[in-house]
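J.: Below is the structure I would like to discuss, written out as structure tokens.
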Amino acid sequence: MVKVHESQFKLLAGAESLTQYQFHTFTATHYFCKVCGIYPFHRKRIAPDFFGINVFCLEGFDTTGIPVRATVGAGMP
């Protein structure tokens, strides 16, 4: 996931194929494709004016130059 400010994010197509999931504080919103189940992006809980974007879902995006940081989900706030 790459963190992007909401002013820099624009969904160009496919909104009708997305569904949302929220839990716990209902601050974060996770978006999933209703057809295939892929998780393309979410609105972040800790920084709700930012989106986490799954860049592997972006057509034509070269991911080879993006540093990968391993995280342990259980340790996240």
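J.: I need every pair where a residue in the stretch 1-30 that is over 15 Å from Phe51 (Cα atoms) has its Cβ under 6 Å from the Cβ of a residue that is assigned to a loop (DSSP other than H, G, I, E, B), sequence separation at least 6 or different chains.
T.: Every condition considered, the pairs that remain are Ser17/Lys34; Ser17/Val35; Thr19/Lys34.
J.: Quick one: how many residues across the stretch 31-63 are within 9 Å of the chain's Cα centre (by Cα) and surrounded by fewer than 17 Cβ atoms within 10 Å (Cβ to Cβ)?
T.: Of the residues in that region, 3 qualify.
J.: Of everything in the stretch 38-62, what is among the β-branched types (Val, Ile, Thr), under 15 Å from Lys3 (Cβ atoms) and free of Cβ contacts under 8 Å to residues at least 40 places away in the same chain? Give them in sequence order. Don't jump to the end; show me each part of the working.
T.: Of the residues in the stretch 38-62, the ones among the β-branched types (Val, Ile, Thr) are 38, 46, 53, 55.
When the remaining residues are screened for being under 15 Å from Lys3 (Cβ atoms), the result is 46, 53, 55.
Hit for the stretch 38-62 is Ile46, nothing else.
J.: Now a separate question. Determine whether the stretch 53-61 contains at least one residue that is of a type in the set (Asp, Glu), in contact with a Lys or Arg (Cβ under 9 Å, 6 or more places away or on another chain) and more than 19 Å from Thr71 (Cα to Cα). I'd like the intermediate steps shown before the answer.
T.: Going residue by residue through the stretch 53-61, those that are of a type in the set (Asp, Glu) are 59.
Those still in the list that are in contact with a Lys or Arg (Cβ under 9 Å, 6 or more places away or on another chain) too: none.
No, the stretch 53-61 has no match at all.
J.: Kindly indicate whether any position in the stretch 30-37 is of a type in the set (Lys, Arg) and closer than 20 Å to Lys3 by Cβ. First the steps, then the outcome.
T.: Residues of the stretch 30-37 that are of a type in the set (Lys, Arg), as a first pass: 34.
Going one step further and asking which of them are closer than 20 Å to Lys3 by Cβ, we end up with none.
Among the residues of the stretch 30-37, not one is of a type in the set (Lys, Arg) and closer than 20 Å to Lys3 by Cβ, which makes the answer no.
We did not get these values from a lab; they are worked out from the coordinates using the rules stated. These figures come from a predicted structure and were not determined experimentally. Using ideal geometry, Cβ is built from the backbone for each residue, glycine included, and neighbour counts are taken over all protein chains shown.
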